[in-house]
Amino acid sequence: MSPELKGRGRMIELRHLGKTYKTANREIVALEDINLSVQDGEIFGIIGLSGAGKSTLVRCVNLLEKPSSGHVFIDGEDITEFDRKSLLSLRRSIGMIFQDFNLLEQRSVLRNVTFPLEVSGVKRAAARERAMELLKLVGLSDRAESFPSQLSGGQKQRVAIARALATNPKYLLCDEATSALDPNTTRSILELLKKINQTLGVTIIVITHEMKVIYQICDRVAVLDQSRIAEEGSVSEVFTNPRSKIARELILPERIGASWQKNSSTEQQEEV
């Protein structure tokens with residue numbers, strides 16, 4: 001591998017990433033020349049309107065979608081060159097949660113969380129112990145024997161988060177994880193994700209179309225527009241001085257920005 005394509009240590013790095021879908025009549029460009037670095041331990045947000053390419057982007061990170069061009073580096077290794085066995089092993093270090101939870105309806109909460117451990121060959125007793133630890137972390141240890149149909153949306157997402165953490169991942173990908181939830185439940189899920197980031201050191205990528213999600217928990221943000229990155233920076237920089245038209249459209253109305261600045265200022269005063 002040439003020196004310019006070598007990765008730079010523990011992070012997620014996308015270089016000149018592109019994804020094109022071919023149909024019978026035309027080609028659809030979902031991603032074009034994406035360059036991003038997500039640092040170890042941060043919460044990184046990717047925001048854009050529907051159809052901007054957000055979900056395709058996050059699925060390229062763990063190669064659930066194979067890029068048409070470019071490279072994906074995880075911890076310094078170009079995973080676009082991995083064989084199937086290496087890729088399956090890598091995916092144990094990358095958890096993923098979705099908008100629609102994707103729980104197994106015929107399994108109890110406990111057995112949903114143990115599922116990835118069973119697939120990995122972990123013994124039943126050890127898998128159960130690990131699952132109970134995680135259910136305690138997400139506040140659902142008392143619902144271990146319940147089934148998904150007996151849970152609220154927020155509880156289902158907590159189970160999904162516990163399941164995503166079962167194999168001790170370094171990274172957690174969140175694809176519109178709060179879009180189906182009400183504001184109060186969204187806030188509690190975001191607080192949980194922040195707790196996971198701070199206590200377990202898990203690096204988190206958050207895909208969303210909601211600005212409030214970005215400013216509540218993210219350190220940095222990239223704004224995606226028509227398959228390309230319109231701008232990138234710290235959340236405070238992008239929110240206070242959006243450079244691109246799409247960022248201004250997403251951040252406005254002004255009351256949202258004013259609310260964020262007020263909350264930020266209050267937090268700074270409390271820290272002092």
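Starting from residues that are under 20 Å from the mean Cα position of the chain (by Cα) and surrounded by fewer than 19 Cβ atoms within 10 Å (Cβ to Cβ), keep the ones in region 99-153 and report whichever is farthest from residue 176 (Cα to Cα).
Here the answer is 137.
For residue 164, are the conditions met, namely being within 18 Å of the chain's Cα centre (by Cα) and either over 30 Å from residue 69 (Cβ atoms) or modelled with pLDDT of 95 or more (or both)?
Answer is yes for this residue.
Within region 110-167, can you find the residues that are among the basic types (Lys, Arg), more than 18 Å from residue 99 (Cβ to Cβ) and assigned to a helix (DSSP H, G or I)?
Looking only at region 110-167, we keep the residues that are among the basic types (Lys, Arg), and these are 111, 123-124, 128, 130, 136, 143, 156, 158, 163.
With the extra rule that they be more than 18 Å from residue 99 (Cβ to Cβ), the set shrinks to 111, 123-124, 128, 130, 136, 143.
Once the filter is applied, which keeps residues that are among the basic types (Lys, Arg), more than 18 Å from residue 99 (Cβ to Cβ) and assigned to a helix (DSSP H, G or I), region 110-167 yields 111, 124, 128, 130, 136, 143.
Is it true that residue 183 is over 14 Å from the mean Cα position of the chain (by Cα), surrounded by fewer than 23 Cβ atoms within 10 Å (Cβ to Cβ) and either outside the structural domain of residue 47 (by TED's automatic domain parsing) or among the small types (Gly, Ala, Ser) (or both)?
So residue 183 does not fit the description; no.
Within the bounds of region 169-185, is there any residue that is over 22 Å from residue 47 (Cα atoms) and of a type in the set (Asp, Glu)?
No: zero hits.
Output yes when any residue across region 31-52 is over 30 Å from residue 212 (Cβ atoms) and polar (S, T, N, Q), and no when none is.
Checked against the condition, which is being over 30 Å from residue 212 (Cβ atoms) and polar (S, T, N, Q), region 31-52 yields no hits at all.
Could you grab me the full set of residues in region 229-244 that are surrounded by fewer than 18 Cβ atoms within 10 Å (Cβ to Cβ), at pLDDT 90 or above and part of a helix (DSSP H, G or I)?
Within region 229-244, 236, 237 qualify.
Table: residues versus (1) in contact (Cβ under 8 Å) with a residue 40 or more places away in the chain; (2) within 27 Å of residue 20 (Cα to Cα); (3) not assigned by TED's automatic domain parsing to the domain that holds residue 29.
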site: 68; (1), (2), (3): yes, yes, no
site: 89; (1), (2), (3): no, yes, no
site: 112; (1), (2), (3): yes, no, yes
site: 130; (1), (2), (3): no, no, yes
site: 145; (1), (2), (3): no, no, yes
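Would you please name the residue that is surrounded by the most Cβ atoms within 10 Å (Cβ to Cβ), looking only at residues in region 80-98 that are in a helix (DSSP H, G or I) and of a type in the set (D, E, K, R)?
Here the answer is 91.
Looking at 121, 153, which one is on the phi > 0 side of the Ramachandran plot and not assigned by TED's automatic domain parsing to the domain that holds residue 178?
After ruling out the rest, the residue left standing is 121.
Where residues in region 45-66 are in contact with a Cys (Cβ under 9 Å, 6 or more places away or on another chain) and surrounded by fewer than 22 Cβ atoms within 10 Å (Cβ to Cβ), which of them is nearest to residue 85 (Cα to Cα)?
66
The values are calculated or read from the model by the stated rules, or taken from the named source; none is laboratory data. On a predicted model such as this, the values are computed, not experimentally measured, just so you know. When we count neighbours, we look across all protein chains shown, and the Cβ atoms used for this are built from the backbone with ideal geometry, even at glycine.
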